[in-house]
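Read-outs: derived from the displayed coordinates by stated rules, not from any lab. Predicted model only: the values in this text are computed from it and were never measured. Every residue, glycine as well, gets a Cβ built from its backbone with ideal geometry; the counts of neighbours run over all protein chains shown.
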Amino acid sequence: MSDQKLHLVIGGRVSDPQHLEFTDLKAMDFVGVFPDYASAEEAWRSAARRTIDDAEMKYVVVHLHRLLQPDMLKR
């Protein structure tokens with residue numbers, strides 16, 4: 001079993017900056033998939049900084065490895 005921990009960085013316009021309900025899924029910004037949290041966080045920071053003045057834009061890091069291999073959480 002692989003110990004690779006993939007992370008996805010995505011962003012888009014949200015209906016409420018306090019929540020994660022994206023308003024237009026077709027217009028999502030898929031920043032990329034990264035092999036570790038550190039590189040995903042760096043990409044997230046870069047994307048978030050580009051839209052810092054737009055309160056309705058939100059970027060997130062999704063822990064893909066937790067979805068693909070939920071048994072990793074038990075370790």
**Fill in**
Taking the range 51-75 and keeping residues of a type in the set (Val, Ile, Thr), over 22 Å from GLN4 (Cβ atoms) and surrounded by 10 or more Cβ atoms within 10 Å (Cβ to Cβ) leaves THR51
**Request:** Output the residues belonging to the range 16-34 that are without any contact (Cβ under 8 Å) to a residue 40 or more places away in the chain and not hydrophobic (A, V, I, L, M, F, W, C).
**Result:** ASP16, GLN18, HIS19, GLU21, THR23, ASP24, LYS26, ASP29, GLY32
**Asked** Mind checking whether some residue in the range 35-50 is touching a residue at least 12 places away in the same chain (Cβ under 8 Å), of a type outside the set (A, V, I, L, M), over 15 Å from GLN4 (Cβ atoms) and surrounded by 15 or more Cβ atoms within 10 Å (Cβ to Cβ)?
**Response** yes
